[in-house]
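Below is one structure; the comments refer to it alone.
The values are calculated or read from the model by the stated rules, or taken from the named source; none is laboratory data. Note that the coordinates shown come from a computational prediction; the quantities given were computed from them, not determined experimentally. Neighbour counts run over all protein chains shown; Cβ positions are idealised from the backbone, glycine included. What goes into the accessible areas is simple: the full protein's heavy atoms, side chains included, and nothing from ligands, DNA or RNA. Shrake-Rupley method; radii C 1.70, N 1.55, O 1.52, S 1.80 Å.
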Amino acid sequence: MTFWRSLFVAASLLAAPISLAHAQTPQTVKAKNVVLVHGAWADGSSWSEVIPILQAAGLNVTAVQNPLGSLAESVEATKRALAEQDGPTVLVAHSWGGTVISQVGTDPKVTGLVYIAARAPDANEDFVALSKQFPTGPARAGIVERDGTTKLSEDAFLKYFANGVAPERAKELYAVQWPTAASIFAGRTTEAAWHSKPSWYAVSKNDGTINPDFERFLAKRMNATTIELDAGHLSLVSHPKDVANLILEAAGYQRS
């Protein structure tokens, strides 16, 4: 970390006492359900390695098919999935999906939030401006925009988005990547559920999409229980057991 970026992080932490005031509290309610929210350039199948581990532990698991057309649409899709849950629920998000669970997570059913290499915006925060205080991941150079939607080029997807994933699996994920509206990245939440709900965060140390130091900053800001994985951005695919164990911890279950 450069001197100036270190100075920014220190100044940001000092300037945000409300964020730091969020105290991690013990998980007192054992969750029955887990709702998984995928991020940009992906679909619900990105959770396919994690889901069987959670189900084997006895959890009811729902993967949201996030439409990625706007923040409002994605929030509504997650709210619908949450409304179907019977009892305490852990919300889990990867990447841009963290924006969604930060908004939806204030629901009384939600007992905890788990962020997997994910965004974690504060309410009404200009997250794009905040992210520019850290180096841009190389995957971003591969964004291809057409008619207001974006995809990652195959080269950027395989090298930087799915780094660490077996090549055959990475190509499958590239084939099913969902077009993502260019406008969603600037969308602002009106809530930041991590202020009031226990939070967990999995940092990807080899992330080529979101800078790992930015992930560490976000995790520290929300006072999340944090693990670091020797993984690229898609740790949910390359390290499913580690990701599942973090979710199980948040749900009050024994690790697998």
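Key figures for this structure:
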item	result
Residue tally, condition out of contact with any strand residue (DSSP E or B) (no Cβ under 7 Å at 6 or more places or on another chain) and either at pLDDT below 95 or under 21 Å from Gly208 (Cβ atoms) (or both), over the stretch 234-251	4
Members of the stretch 171-214 found to be in contact (Cβ under 8 Å) with a residue 40 or more places away in the chain and aliphatic (A, V, I, L, M), listed by number	Leu173, Val176, Ala181, Ile184, Ala186, Ala192, Ala193, Ala202, Val203, Ile210
Filtered residue count, the stretch 181-220, keeping only those that are out of contact with any helix residue (DSSP H, G or I) (no Cβ under 8 Å at 6 or more places or on another chain), over 20 Å from Leu91 (Cβ atoms) and either open to solvent by less than 10 Å² (accessible area, probe 1.4 Å) or of a type in the set (A, V, I, L, M, F, W, C) (or both)	2
Yes/no for Lys151 being part of a strand (DSSP E or B), out of contact with any helix residue (DSSP H, G or I) (no Cβ under 6 Å at 6 or more places or on another chain), open to solvent by 10 Å² or more (accessible area, probe 1.4 Å) and at pLDDT 95 or above	yes
From the options Val100, Val90, residue that is among the β-branched types (Val, Ile, Thr), outside any loop (DSSP other than H, G, I, E, B) and more than 30 Å from Glu154 (Cβ to Cβ)	Val90
Subset of the stretch 43-63 that is touching a Phe, Trp or Tyr at 6+ places or on another chain (Cβ under 6 Å) and either among the charged types (D, E, K, R) or in a loop (DSSP other than H, G, I, E, B) (or both) - its residue that is surrounded by the most Cβ atoms within 10 Å (Cβ to Cβ)	Ala57
Residue among Tyr160, Tyr115 that alone is aromatic (Phe, Trp, Tyr) and open to solvent by 60 Å² or more (accessible area, probe 1.4 Å)	Tyr160
The one condition in (1) closer than 26 Å to Asp155 by Cβ; (2) touching a residue at least 24 places away in the same chain (Cβ under 8 Å) that Leu82 fails to fulfil	(1)
Of all residues in the stretch 144-167 being under 19 Å from the mean Cα position of the chain (by Cα) and of a type in the set (A, V, I, L, M, F, W, C), the one that is nearest to His239 (Cα to Cα)	Val165
Hey, Ala250 aliphatic (A, V, I, L, M) and either on the phi > 0 side of the Ramachandran plot or open to solvent by 20 Å² or more (accessible area, probe 1.4 Å) (or both) or not	no
Search result, residues across the stretch 64-80 that are closer than 18 Å to Lys109 by Cα and open to solvent by less than 40 Å² (accessible area, probe 1.4 Å)	Val64, Val75, Ala77, Thr78
Answer residue from the stretch 118-129, given it is touching a residue at least 24 places away in the same chain (Cβ under 8 Å) and part of a helix (DSSP H, G or I) and is surrounded by the fewest Cβ atoms within 10 Å (Cβ to Cβ) among those	Val128
